[in-house]
Amino acid sequence: MGNLICLFYVMFAIFLGEWVSRATKSWIPSMLVTALMFLIGYWTFFPKNLIEQASYSKSFITICIGLLLVHLGTLMSVKKLLKQWKAVCIAVLGMMGSLIFTLTIGLYFFGHATVFATVPTLTGGLVGAALMTQGLQASGITAIVSYPVVMFIIHHIVSFPLISVMLKKEGRRLQSVYAADSKSTQQSISSEKLCDKKQHRRLAMLDGQYDTPAFLIFKVTVIAIVSFWIGNVLHNAINVNILCLLFGVVAHTIGFLPDNVLQKTGVFNWLMYGLIAYILAGLNSTTPQTLIGIFLPIITLIVLGLMGMFLVSILLAKPMGMHKEMAFACALTALCGFPADYILTDDVVKNLTADINEQEFLLDNMLPKMLVGGFATVSIASVFVVSIFLKLI
């Protein structure tokens, strides 16, 4: 029964976040509400091993990440992915702008230990927090080992609503584009779907009636295994998360996997909820005293970091052919990465419209930029930032 109670806690926090997001038209993101519920829960009656008891073990989360990233690849094509180099430039340079502001003005006001221990999380999200925490523990610097976690909590409280606002503004702009040329847009979407169907018919190994949920999950697992194997062969020279996404795109492009594959199997939400729960499990070691003690430096560094991202994205928006809201949202992916960038984008789109074709149009124009920007910063650049900063403490 204890396992069911833990699952009850997890699902309660997640569905409450979804409800608040729907009620506020995504002005209050679901991830923010869920994170606050987890934080309060851990301070009161949540067991510290809540996630494990709710069935979301580390092994299961490895499966979640692999399958979900391959699935996200089925929302894109190779052609669309290659077009996102501008999003990569804005995201990485936005992160550099954040580093410049925090390492100059920030160091002037606060000690180097505080700045170096927290900034990698600001510019690298969960990956930055995890790597910095592990590095501090390995180095025996236990006095500030909680700093990255505190930065992770507080900057999410700020970044989630800000990203949501930027995406809503971009989404509404795209809605006007869709409405102004609705007929041709729908024809374009329909022709893309028809092309995909032809590819799948041409390359499918079996008749469509055999595409059962189990067979689709099997094929997604095959792609994930290949991605992990190649990552190991390359000694992680290319992050395995990126390989899962890339091979998912390729598998979808050649017709091996259909569009939105895990939604067709009915397991997508279960995997996504597990990943959300696992990420928020990092809050179980944070106390109110820890938050209060470093609150002012953290808030100041967040403001400085956001200023750097904002200025860079505004300067690059026009030359890169993006509107300023989308450019700023791309830069902000450095604060969260996957899966938050996906969840926030999907959250906004579903609250903007119930029309399936319009949702596809909005996701097609926003999601690839958010995913690729997040991978460039959180999955790649953050590793280099953490390794440098650990040497400086």
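The values are calculated or read from the model by the stated rules, or taken from the named source; none is laboratory data. On a predicted model such as this, the values are computed, not experimentally measured, just so you know. With ideal geometry, Cβ positions are generated from the backbone for all residues, glycine too; neighbour counts draw on all protein chains shown. The area values use the complete protein model at the heavy-atom level, side chains included, leaving out ligands, DNA and RNA. Shrake-Rupley method; radii C 1.70, N 1.55, O 1.52, S 1.80 Å.
When the residues of segment 15-28 are narrowed to those that are surrounded by fewer than 22 Cβ atoms within 10 Å (Cβ to Cβ) and assigned to a helix (DSSP H, G or I), which ends up modelled with the lowest pLDDT?
Top of the filtered list is ARG22.
Name the helices (runs of 4 or more DSSP H) wholly within segment 29-96 that hold at least 1 residues that are more than 30 Å from GLY321 (Cα to Cα)?
Passing ranges, in order: 30-43, 50-53, 58-73.
Tell me, please, whether a residue that is within 30 Å of PHE218 (Cβ to Cβ), open to solvent by 70 Å² or more (accessible area, probe 1.4 Å), at pLDDT 80 or above and in a helix (DSSP H, G or I) can be found in segment 100-112.
No; the residues of segment 100-112 include none that is within 30 Å of PHE218 (Cβ to Cβ), open to solvent by 70 Å² or more (accessible area, probe 1.4 Å), at pLDDT 80 or above and in a helix (DSSP H, G or I).
Just name the residue that is modelled with the lowest pLDDT out of those in segment 146-165 that are crowded, with 24+ Cβ neighbours inside 10 Å and among the aliphatic types (A, V, I, L, M).
VAL150
Could you check segment 1-14 and list, in sequence order, the residues that are of a type in the set (Gly, Ala, Ser) and crowded, with 20+ Cβ neighbours inside 10 Å?
Within segment 1-14, ALA13 is the sole residue that qualifies.
Could you please find all residues in segment 239-266 being in contact with a Pro (Cβ under 9 Å, 6 or more places away or on another chain) and either closer than 14 Å to GLY73 by Cα or not in a helix (DSSP H, G or I) (or both)?
Of everything in segment 239-266, those that are in contact with a Pro (Cβ under 9 Å, 6 or more places away or on another chain) and either closer than 14 Å to GLY73 by Cα or not in a helix (DSSP H, G or I) (or both) turn out to be HIS252, GLY266.
Condition check ((1) modelled with pLDDT of 90 or more; (2) within 24 Å of GLY373 (Cα to Cα); (3) in a loop (DSSP other than H, G, I, E, B)) across all residues:
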residue	(1), (2), (3)
GLN289	no, no, no
LEU296	no, no, no
LEU304	yes, yes, no
VAL312	yes, yes, no
CYS330	yes, yes, no
THR333	no, yes, no
THR345	yes, yes, no
ASN351	no, yes, no
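Any idea which of MET37, MET76 is surrounded by 15 or more Cβ atoms within 10 Å (Cβ to Cβ), free of Cβ contacts under 8 Å to residues at least 60 places away in the same chain and touching a helix residue (DSSP H, G or I) at 6+ places or on another chain (Cβ under 7 Å)?
MET37
Search segment 230-246 for residues that are exposed (fewer than 11 other Cβ atoms within 10 Å of the Cβ) and pair each with any residue that is of a type in the set (Gly, Ala, Ser) when their beta-carbon atoms are under 9 Å apart and the residues are at least 6 apart or on different chains.
Matching pairs, first to second residue: ALA237/GLY231.
Got at least one residue in segment 18-36 being of a type in the set (Asp, Glu) and within 30 Å of LEU257 (Cβ to Cβ)?
yes
Please specify each residue of segment 247-266 satisfying the condition of being surrounded by fewer than 19 Cβ atoms within 10 Å (Cβ to Cβ), among the aliphatic types (A, V, I, L, M) and touching a Leu at 6+ places or on another chain (Cβ under 8 Å).
ILE254
Could you identify the single residue in ILE189, ILE223 that is within 26 Å of the chain's Cα centre (by Cα) and at pLDDT below 65?
ILE189
Here's the yes/no breakdown for (1) crowded, with 24+ Cβ neighbours inside 10 Å; (2) within 17 Å of LEU75 (Cβ to Cβ); (3) in contact with a strand residue (DSSP E or B) (Cβ under 9 Å, 6 or more places away or on another chain):
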position: PHE268; (1), (2), (3): no, yes, no
position: TYR278; (1), (2), (3): no, no, no
position: ILE294; (1), (2), (3): no, no, no
position: THR300; (1), (2), (3): no, no, no
position: LEU335; (1), (2), (3): yes, no, no
position: ILE343; (1), (2), (3): no, yes, no
position: ASP364; (1), (2), (3): no, yes, no
position: PRO368; (1), (2), (3): no, yes, no
